[in-house]
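Below is one structure; the comments refer to it alone.
The values are calculated or read from the model by the stated rules, or taken from the named source; none is laboratory data. Worth saying up front: this structure is predicted, and the values here are computed from it rather than measured. Cβ placement follows ideal geometry from the backbone for every residue including glycine, while neighbour counts extend to all protein chains displayed.
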Amino acid sequence: MKKYLILVGSPPACGKTFISMELAKQLDSPVYLDKDSIIPLSKMIYKASNEPYNRDSDFFKKYVRDAEYDAIMAIAFEALQFNKYIIVNAPFSKELRNKSYIESLIEKLKAYEAELIPVWVHCDIEVCHKRMIKRNSERDTWKLANWDKYISGQNFSLPALEEIFVVDNSSNDKVENDLNKLLKVIEAQF
């Protein structure tokens, strides 16, 4: 049985969760993993370290960020042992831009008879800002209070990966069309 690790990435509030969930609804019994689900554990790291909760801080970047990715990817690989489709929803801001990371991932997937399907969710910055305000999440407090500084540190450009699939989440028409194309790509591979 051919298996698929589907990584859905983009900057925060571009619609990764929506796209991932819509994709999951169309696939046969996928495992859906959202890196945000391990935020409660990450918050305990801040608490134990007496650090203010700020997911854009140097502390986060040094001690928390990569550990979250290591944990969610370890869970994804465990799930690949027993499942055909694994969808991982996370920004993947560094990972999808790191050629050696992707090559290593592809190599590791061979042992599971699995393929990588990277998906990038495109969203206009203005739409992203409105969605972040609307979702009103604690994880966005610093971002919204420091919008210009935050946005200057984000990379909304398409990662330079071969075979990355782009879903434009700036409007409903584009999303539906791109999701249908993505499903056809996945279906053509099995």
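Numerical summary
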{"item": "Residue list for segment 161-190, restricted to those being within 18 Å of ALA24 (Cβ to Cβ), out of contact with any Phe, Trp or Tyr (no Cβ under 9 Å at 6 or more places or on another chain) and among the polar types (S, T, N, Q)", "result": "ASN180"}
{"item": "Contacts under 7 angstrom Cβ, first residue in segment 4-17 being within 20 Å of ASN136 (Cα to Cα) and in contact (Cβ under 8 Å) with a residue 40 or more places away in the chain, partner polar (S, T, N, Q) and outside any strand (DSSP E or B), 6 or more apart", "result": "PRO11/SER93; PRO11/GLN154; CYS14/ASN169; GLY15/ASN169; LYS16/SER10"}
{"item": "Tally, over segment 155-190, of residues that are touching a Cys at 6+ places or on another chain (Cβ under 9 Å) and within 20 Å of ILE102 (Cα to Cα)", "result": "1"}
{"item": "Residue that is surrounded by the fewest Cβ atoms within 10 Å (Cβ to Cβ) [pool: residues in segment 152-173 that are touching a His at 6+ places or on another chain (Cβ under 8 Å) and more than 21 Å from ILE186 (Cβ to Cβ)]", "result": "PHE156"}
{"item": "Checklist (1) in contact with a Ser or Thr (Cβ under 9 Å, 6 or more places away or on another chain); (2) within 20 Å of PRO30 (Cβ to Cβ); (3) not basic (Lys, Arg) applied to ILE75, failing item", "result": "(1)"}
{"item": "Residues (free of Cβ contacts under 8 Å to residues at least 60 places away in the same chain, surrounded by fewer than 16 Cβ atoms within 10 Å (Cβ to Cβ) and part of a helix (DSSP H, G or I)) located in segment 22-37", "result": "LYS25, SER37"}
{"item": "Selection from segment 129-175 of residues that are acidic (Asp, Glu), at pLDDT below 90 and touching a strand residue (DSSP E or B) at 6+ places or on another chain (Cβ under 8 Å)", "result": "GLU163"}
